Amino acid sequence: MSVIVTLRVSGDPGALERMSKEEPERSQRILEHAKSRGLIAHRFYGSEGKIMVIDEWPDPESFQAFFSEMESEIGPMMQAVATSEPEIVFWTKLDTGDDVGWEA
């Protein structure tokens, strides 16, 4: 079963959007590498002073391999927009019998 990976940092969501628009090739390069490592789904979210990435991966090891391999690309981007260290959490789906949406 796949895992959800969240990465949260304090930072400037607007700066991340601007950077992505100014350097789309970097984002595309990172995304293509992630997909080659098994990435299933990916989204960035922002709130006042906070940035969150939500990914779905086959397993934690796939994400960790990708993140390690792309650190030289991801690190400078995060340093430019983040004001805290990232908090990375791996989540597994719980079977509670009340799923709605996401092709439940």
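Nothing in this text is a laboratory measurement; each read-out follows from the coordinates by a stated rule. This one's a predicted model, so the numbers in the text were calculated from it and none came from an experiment. Glycine also receives a Cβ, built like all others from the backbone with ideal geometry; neighbour counts cover every protein chain displayed.
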Starting from the amide H of Lys50, placed 1.01 Å from N in the peptide plane, find each other amide H under 5 Å away whose residue is 5 or more places distant or on another chain.
Gly11
Quick note on Phe63, Phe90, ordering by fewest other C-beta atoms within 10 Å, gives Phe90, Phe63
Which GluC sites (Glu not before Pro) in segment 1-90 sit in a loop by DSSP (not H, G, I, E or B) and have at most 15 other Cβ atoms within 10 Å of their own Cβ?
Glu48
Residue-wise, which Karplus ³J(HN,Hα) couplings in Hz belong to segment 70-76, taking 6.51 cos²θ - 1.76 cosθ + 1.60, θ = phi - 60°, and x for glycine or proline?
9, 4, 5, 8, 6, x, x
Relative contact order %, the chain, counting alpha carbon pairs below 8 Å whose residues are six or more apart
45
Once you order the gyration tensor axes a ≥ b ≥ c over the Cα atoms, which shape class does the chain get: rounded for a/c under 1.5, otherwise prolate or oblate by comparing a/b with b/c?
prolate
Which ³J(HN,Hα) values in Hz, rounded to whole numbers, follow from the phi angles of segment 40-51 under the Karplus curve 6.51 cos²θ - 1.76 cosθ + 1.60, where θ = phi - 60° and Gly and Pro get x?
9, 8, 7, 8, 9, 10, x, 9, 4, x, 9, 10
Longest principal axis of the chain (C-alpha) makes with the long axis of helix 24-36 (C-alpha) an angle, in degrees to the nearest 10, of 30
Compute the FRET efficiency between Met70 and Glu48 as 1/(1 + (r/R0)^6), taking r as their Cβ-Cβ distance and R0 = 30 Å, and round to the nearest 0.05.
0.60
Most exposed to least, judged by fewest other Cβ atoms within 10 Å, Asp99, Asp55 sort to Asp99, Asp55
